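**Student:** After the structure tokens below, expect a handful of questions from me.
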Amino acid sequence: PERRRSGTCVPSSMEGMRNAPSRGYLLLLGLVFGAIFLTVLGSLASFVLTENRLQNVSTERARAFSLAEAGLEYYRWFLAHYPSDLTNGTGQPGPYVLSYNDPEGGVAGEVTLDVVGNTSCGQTTSVDLSSTGQPTGSNTSRTISVRYTRPTVAQYSYVLNDSVWAGADRVINGPYHSNGGIRMDGTANAPVTSSLSTWLCTSSFGCSPSATKNGVWGAGPNQTLWSYPAPQVDFAGISADFGSLKTIAQTNGIYLPRYSTGNSNGAAYWKGYHLIFNANGTITVNRVTSTTQLNVTPVNSADGSTDRALMQNETFYATYTLPANCKFMFIEDHVWIEGTVTDKVTIVAANVVDAGIAPNGYLRGNTVYQAGDGSDGLTFIAEHDILITPDSPATMTLNGIFIAQGGAFGRNYYSGCSSLYEPKTQLTIRGTTVSNKRTGTKWNGGCGNFAGYGTRIDAYDRQLATDPPAFTPAVSNDYQFVDWREE
């Protein structure tokens, strides 16, 4: 028989089977890369759609914001023409819904206005506006709230109508302005502005011999914050109308008549009232029946060489709770104050009856706020000086807006250097000092090294800058948005 070769015979049909795995791998790779491609494409499409939606939302939000701003500008225009109308001319309470027309045609959207007037003693002190804008055909809205009022002296740490020397121990946080020249050796952390381009610095400002200096000069740091000449602050414009204020106090607040008698040559002239602010919201009022005369070098050069700032005897007069809608006292005499202030209160010491009589205000002890959240505030206006008394605390804190309308703010230099009165350690003022004359609370070379307060720290009160007590003097007749926030 025929012998067969060894080995395996492979049918031709089996040869084709060798290419099958290659085709499977390609199909698998195609499916994988196809899935990746579809995933990337889907993600890209989703990203594009999301970005488009975000762009649409951003556009709608910008349109809503513009409408809200337009509502505020509209009502600012309205109040400029109708300053006493807080009802948008309707005589009805709000909110007021207004259509805003697109100049290119059609209605761009709606503006909803809420208008709330803040009043004290029957006077509108500021207006709170809330404006909500919503574009046509959109569910997106944005709300802006502002306070509309005239800016006041509370925006400053100091406002002076005379040249001044701020010593090296001074730390000043808040705008500092003088209509005169400024020697700034202290540390000022806010704008320092003088209305003069140059001024004559004399020996009383440490210049010997006298020399012409820039509007602001000195050894203090942060000199990039110094600016001169700057516009004047009109002291005539910010002066209080004492006659009108007296009438308001008699009608809505509390009025105290003159207790002192005669003129400044007699001891009876220096009587007055001592106000003690109590933590329960009341004010204890004593009559100052006698004072002690002390020899001084006055901070106000127009004053005499003695003062009567030191109370000697007093008697109880009354305890008052200020009316809820008018936290205001007008006192036609000298006034000493101290204590804890629990609301926004205004005290005026002025005389509109007796010609030539201009009462002083005296700061006898610490005057502080019960709360530090802006709900408390004090404006103390004196027709003449506001003086810190000789028996003031060694470390003294004063919170408030202190306005010496016709005189000076400061502390006299007490001759004799009694250890009862000199020296003092630190004076901290949180608020605003307004003085028609040169200020001073430290006397270099007095009582050995110095008299008065060795360290002085001043900071303006940001919360009172936008919401001060009633009748705080304005520095401009133009109403402005002094507080702005998005709800």
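The values are calculated or read from the model by the stated rules, or taken from the named source; none is laboratory data. In this text, all values refer to a predicted model and were calculated from it rather than measured experimentally. All Cβ positions, even for glycine, are placed from backbone atoms using ideal geometry, and neighbour counts span all protein chains on display. These accessible areas exclude ligands, DNA and RNA; they are computed on the full protein's heavy atoms, side chains included. Shrake-Rupley method; radii C 1.70, N 1.55, O 1.52, S 1.80 Å.
**Student:** Taking 25 Å as R0, compute the FRET efficiency from the Cβ-Cβ separation of Asp354 and Gln293 and round it to 0.05.
**Tutor:** 0.70
**Student:** Still on this structure, please answer the following. May I have the convex hull volume per residue, in Å³, for the Cα set of the chain?
**Tutor:** 315 Å³
**Student:** Spin-label point model (7 Å from Cα, Cβ direction): what's the Thr124 to Ser418 distance in nm?
**Tutor:** 5.3 nm
**Student:** First compute the accessible area of the range 141-219 with a 1.4 Å probe, then give the percent of it belonging to carbon and sulfur atoms.
**Tutor:** 46 percent
**Student:** Right, next: Taking H placed 1.01 Å from N in the peptide plane, check which residues at least 5 places from Gly446 or on another chain put their amide H under 5 Å from its amide H.
**Tutor:** Ala451
**Student:** Between exposed trypsin sites (Lys or Arg not before Pro) in the chain, where DSSP calls loop and at most 15 other Cβ atoms lie within 10 Å, what's the longest gap?
**Tutor:** 6-487
**Student:** Subtract the Cα-Cα distance of Leu200 and Gln250 from 0.36 nm times their separation in residues, and report this length gain in nm to one decimal. Mind showing how you got there, number by number?
**Tutor:** On the way: separation 50, 0.36 × 50 = 18.00 nm, distance 4.60 nm.
Extra length available between Leu200 and Gln250 comes to 13.4 nm.
**Student:** For the range 425-460 and the range 69-132, write down the distance between their C-alpha centroids in whole Å.
**Tutor:** 45 Å
**Student:** Roll a 1.4 Å probe over the protein chains and send me the accessible area per residue for the range 283-433 in Å².
**Tutor:** Accessible area per residue: 33 Å².
**Student:** Here's something else I'd like to know. What value does the range 303-370 have for Rg/Rh, both radii from Cα atoms and Rh as Kirkwood defines it?
**Tutor:** With Rh from the inverse mean 1/r over Cα pairs, Rg/Rh is 0.98.
**Student:** Return the FRET efficiency for the residue pair Thr212, Gln92: r is the Cβ-Cβ distance, R0 is 60 Å, and the value is rounded to the nearest 0.05.
**Tutor:** 0.45
**Student:** Determine the distance separating the Cα centre of the range 335-407 from the Cα centre of the range 187-253; give it in Å without decimals.
**Tutor:** Taking the Cα centre of the range 187-253 as reference, the centre of the range 335-407 is 20 Å away.
**Student:** With an 8 Å Cα cut-off and a minimum separation of 6 or more residues, compute the relative contact order for the chain in percent.
**Tutor:** 14 percent.
**Student:** Is there a quick way to get the dipole size of the chain? I mean about its Cα centre, with the Cβ of Lys and Arg at +1 and of Asp and Glu at -1; what is the value in debye to the nearest 20? Mind dumping the intermediate values first?
**Tutor:** On the way: 32 positive and 38 negative charges, 338 e Å.
It works out to roughly 1620 debye.
**Student:** Carbon and sulfur atoms: what percent of the 1.4 Å accessible area of the range 343-487 do they account for?
**Tutor:** 45 percent
**Student:** Starting from the Kirkwood radius over alpha-carbon pairs of the range 277-406, derive D by Stokes-Einstein at 10 °C in a medium of 1.306 mPa s and give it in µm² s⁻¹. Could the numbers behind the result be given before it?
**Tutor:** Working: Rh = 15.4 Å.
After rounding, the answer is 103 µm²/s.
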